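This report concerns only the one structure given below.
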Amino acid sequence: MDLGLKGKKAILLGANGGIGRVVARTLAAEGCDVAICGRSQGKVDIVVGELKALGVNCYAEALDVGDPASVPAFVEKAAETLGGCDIFISFTSVNPGEDTDAAWELVLGTDILPMRRGIAAARPYLLKSGDGSIVCISSTGAVEEFMGVQPYNALKAAVINYSAALAQTLAAEGVRANCITPGPVWTDDGPWPQIKQAAPEFFDQIVGSIPAGRMTTGEELAKTIAFTASPACKAMTGTNIVVDGGFTKRVQF
């Protein structure tokens with residue numbers, strides 16, 4: 001299947017590692033020009049090398065997404081360099097795992113507000129695209145109880161709602177918005193290899209609760225995201241797609 005991504009321009013926030021890195025490579029392999037950013041210049045440089053090896057145009061910056069001015073400035077520079085923006089996805093995320101004011105502020109400042117600022121900055125370019133697509137990233141912690149009371153789960157639920165509202169608002173202007181809700185995802189540079197080493201019993205418990213018997217791979221999730229973002233999926237907007245190997249047990253309507 002031709003996803004129609006060749007020549008498209010994707011701006012990815014926080015894609016210098018983990019899921020975002022795999023998505024950047026997957027989009028580039030389909031011929032999509034890609035802009036990425038991340039906190040670490042070294043990690044950003046590694047991903048840039050991987051993308052350029054795939055023969056696409058690339059723009060990258062090392063920045064702190066917690067700075068309110070940094071994300072809009074990055075989006076502006078990326079769109080100017082690439083020649084527009086057809087796809088916007090934010091991967092910035094943090095999970096302090098506690099219910100405190102500081103934790104709420106951290107998740108808001110690292111995960112939610114950078115996403116909102118990036119979407120707002122990308123919107124004028126997405127409107128001009130003709131194939132404008134926003135993909136928001138939530139978590140199965142948003143749809144079922146997971147590790148108690150904590151802001152990460154609550155605010156990831158807000159991402160699903162925000163994505164649906166964007167879809168209703170932007171549909172008439174030709175821009176789609178969908179949400180991807182992953183369960184545990186294994187990437188070599190993601191958090192789960194560290195968790196497996198530091199807390200093997202907890203790791204085994206999580207894997208044991210996945211009916212598929214294993215975690216979703218970054219490549220599997222990236223293919224779902226690429227299809228959702230692509231013109232091949234042009235009729236779908238306002239949808240939340242759970243990708244978790246059966247980890248969540250709720251009936252999805």
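The values are calculated or read from the model by the stated rules, or taken from the named source; none is laboratory data. Remember, it's a predicted structure, so these values are computed and weren't measured experimentally. Heads up, the Cβs are rebuilt from the backbone with ideal geometry, glycines too, and the neighbour counts pull from every protein chain shown. Side chains are part of the model used for accessible areas, which takes the heavy atoms of the whole protein and leaves out ligands, DNA and RNA. Shrake-Rupley method; radii C 1.70, N 1.55, O 1.52, S 1.80 Å.
Can you spot a residue in segment 118-139 that is farther than 25 Å from Gly7 by Cα and in contact with a Gly (Cβ under 9 Å, 6 or more places away or on another chain)? Checked against the condition, which is being farther than 25 Å from Gly7 by Cα and in contact with a Gly (Cβ under 9 Å, 6 or more places away or on another chain), segment 118-139 yields at least one hit.
Sub-7 Å Cβ pairs linking a first residue in segment 207-231 that is on the phi > 0 side of the Ramachandran plot to a second residue that is buried (at least 21 other Cβ atoms within 10 Å of the Cβ) and basic (Lys, Arg), at least 6 apart or interchain, number zero.
If you filter segment 19-36 down to residues that are β-branched (Val, Ile, Thr) and in contact with an Asp or Glu (Cβ under 9 Å, 6 or more places away or on another chain), you find that the one that is most open to solvent (accessible area, probe 1.4 Å) is Thr26. On the given criteria, is Glu80 in a strand (DSSP E or B) and open to solvent by 10 Å² or more (accessible area, probe 1.4 Å)? When the stated conditions are applied, Glu80 does not pass them. Screening segment 37-76 for residues that are small (Gly, Ala, Ser) and farther than 17 Å from Ala121 by Cα and picking the one that is least open to solvent (accessible area, probe 1.4 Å) gives Gly38. Residues that are without any contact (Cβ under 8 Å) to a residue 24 or more places away in the chain and either touching a Phe, Trp or Tyr at 6+ places or on another chain (Cβ under 9 Å) or not in a loop (DSSP other than H, G, I, E, B) (or both) within segment 93-105 comprise Asp101, Ala102, Glu105, listed in sequence order. Among the residues making up segment 104-119, those that are of a type in the set (D, E, K, R) and buried (at least 18 other Cβ atoms within 10 Å of the Cβ) are Asp111, Arg117.
Among the residues of segment 130-159, the ones that are part of a helix (DSSP H, G or I) and either touching a helix residue (DSSP H, G or I) at 6+ places or on another chain (Cβ under 6 Å) or buried (at least 20 other Cβ atoms within 10 Å of the Cβ) (or both) come to 9 in all. A single member of Ala53, Ala35, Ala24 is more than 17 Å from Ala79 (Cβ to Cβ), modelled with pLDDT of 95 or more and among the small types (Gly, Ala, Ser), and it is Ala53.
In segment 166-182, what residues are over 13 Å from the mean Cα position of the chain (by Cα) and open to solvent by less than 50 Å² (accessible area, probe 1.4 Å)? Once the filter is applied, which keeps residues that are over 13 Å from the mean Cα position of the chain (by Cα) and open to solvent by less than 50 Å² (accessible area, probe 1.4 Å), segment 166-182 yields Leu166, Ala167, Leu170, Gly174, Val175, Arg176. Of the helices (runs of 4 or more DSSP H) lying entirely inside segment 189-253, those containing at least 2 residues that are open to solvent by 40 Å² or more (accessible area, probe 1.4 Å), over 30 Å from Gly130 (Cα atoms) and not acidic (Asp, Glu) are 191-198, 200-208.
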